[in-house]
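Comments concern the structure below.
The values are calculated or read from the model by the stated rules, or taken from the named source; none is laboratory data. Note that the coordinates shown come from a computational prediction; the quantities given were computed from them, not determined experimentally. All Cβ positions, even for glycine, are placed from backbone atoms using ideal geometry, and neighbour counts span all protein chains on display. Protein only, heavy atoms only, side chains kept; ligands, DNA and RNA dropped before computing areas. Shrake-Rupley method; radii C 1.70, N 1.55, O 1.52, S 1.80 Å.
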Amino acid sequence: MNILDKIVDYTREKIMNYRIKLLFLSILLVICGCWGAIVIHPVGLDKQETINQDSIIKENLSAIGNFSEKLSVNLINIQIDKSNHTYLETMGTYFQVNYNEFTGYFIDGLSKELTKRGAVVSADSPNKIHIKLSDFRMSYKTTIGRIYFLIHVSSEDKKWEKTYNGSGTRNAGGSILLSSVVYQNIRTLLEDSEFLKQLKI
């Protein structure tokens, strides 16, 4: 058998193995009832403590110190879209997220991190900040997924508005991946002087 024949045989074997794996995965998806849409929900802040929050949230933001000025804010979820949006489609399976739900998750996490650093988060605050998350998508490089999304933030009177490009990755999937990346991007606001200026009393 010459070298060319060996290459042809090797290629055929690889294609056959790929087809077998593809068939197996398809059967597995059908058996598990995963064919179609799968809605991913955030890992709740209360559940993170029992699972070990540091393993869920890759970056715990501990490097960011307390605020030197008095800050106060009322964070308001203005994402009215409660439908499920596909951020990844693969082999007939659609992975989806609810923008309103993840906006609420982001606000809960941001409120927690602001309070830790001395800011007052209250519905009575004169500083009303509107927040909504949108445009989730996912790309793969090898086996690790990277999540991209937008964070829209504005003052109530719209005199100040800003859109942040959120992104991140983690060697995980599903709710852990989405929750970790969304939480990590809280850092962007905590370190943005423009955002913190809107919170001054």
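These residues, TYR148, TYR87, go from largest to smallest accessible area, 1.4 Å probe, as TYR148, TYR87.
Consider a paramagnetic label point 7 Å from the Cα of SER62 along Cα→Cβ; state which residues of the range 170-200 have an amide N under 17 Å from it. Within reach of a label on SER62, which here means backbone N under 17 Å from a point 7 Å along Cα→Cβ, the range 170-200 contributes 184, 187. Among the lysines of the range 109-201, pairs that are 8 or more positions apart or on different chains and have alpha carbons within less than 13 Å of each other number 7.
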